[in-house]
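**Q** Dropping the structure in here first, questions after.
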Amino acid sequence: MSAQSIYDTAPLGSLIRYSNGEPRPPERFTRKLKAWNNDNGIGRLVERRAEEIRPTYQSPAGFCLHLGNYGSQGIIAIVVNRHYSVESALHFEIIETPKPGMVRVLTSFGGRDELRHLAPHMAAAEEWMARNSYSGMHAEIVPAPDLVILPSSLGKAA
């Protein structure tokens, strides 16, 4: 799939595989392997952003994948997210979508929703929300037909 297809069809919380289409180099080629790992991996779709047109610049629509959290002793020190434009040349594939009944914990800022946590049920989501404080946080149950609502289709206040 193209990046545009992921933007248009993948619901928030989906696991997405991204690839440059090249085979994985052998372990002994450490530099080539590091470069290959940069363009090949799996992440969770956590945000979509609409195209932005300003007087001084234009930013194409895109999405953000959460690649991982790093830290120790239960304390997260680094959160790794990667943003992709709909114009990206990489190949994308939806591996898994959230199941109906799961709960998305979202924060809203500037008209955009960002996935903070995907819980198996509402009790787990409420427990996570009690332990983690974000402004504008709310829970959303994944519906049976999980329809994608694009940021560009949302109305904006005048």
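Matching residues to (1) touching a residue at least 60 places away in the same chain (Cβ under 8 Å); (2) over 14 Å from SER85 (Cβ atoms); (3) outside any loop (DSSP other than H, G, I, E, B):
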site: ARG17; (1), (2), (3): yes, yes, yes
site: LYS32; (1), (2), (3): no, yes, yes
site: ALA35; (1), (2), (3): no, yes, yes
site: GLU47; (1), (2), (3): yes, no, yes
site: PRO55; (1), (2), (3): no, yes, no
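**Q** Taking segment 90-138 as the search range and keeping residues that are among the aliphatic types (A, V, I, L, M) and without any contact (Cβ under 8 Å) to a residue 24 or more places away in the chain, which one is surrounded by the fewest Cβ atoms within 10 Å (Cβ to Cβ)?
**A** ALA130
**Q** Which ones in segment 64-79 are over 18 Å from HIS117 (Cα atoms) and either surrounded by 13 or more Cβ atoms within 10 Å (Cβ to Cβ) or touching a residue at least 24 places away in the same chain (Cβ under 8 Å) (or both)? Working first, answer last.
**A** Keep residues of segment 64-79 that are over 18 Å from HIS117 (Cα atoms), which gives 72-73.
Scanning segment 64-79 gives no hits.
**Q** Shifting gears a bit: Touching a residue at least 12 places away in the same chain (Cβ under 8 Å), in a strand (DSSP E or B), out of contact with any Phe, Trp or Tyr (no Cβ under 7 Å at 6 or more places or on another chain) and under 23 Å from PRO143 (Cβ atoms): does that describe ARG82?
**A** Working: touching a residue at least 12 places away in the same chain (Cβ under 8 Å): yes; in a strand (DSSP E or B): yes; out of contact with any Phe, Trp or Tyr (no Cβ under 7 Å at 6 or more places or on another chain): yes; under 23 Å from PRO143 (Cβ atoms): no.
Judged against the criteria, ARG82 is not a match.
Just so you know, all these numbers are worked out from the coordinates, no wet-lab data involved. Since this is a predicted model, take the numbers as computed values, not measurements. All Cβ positions, glycine included, derive from the backbone under ideal geometry; neighbour counts span all protein chains shown.
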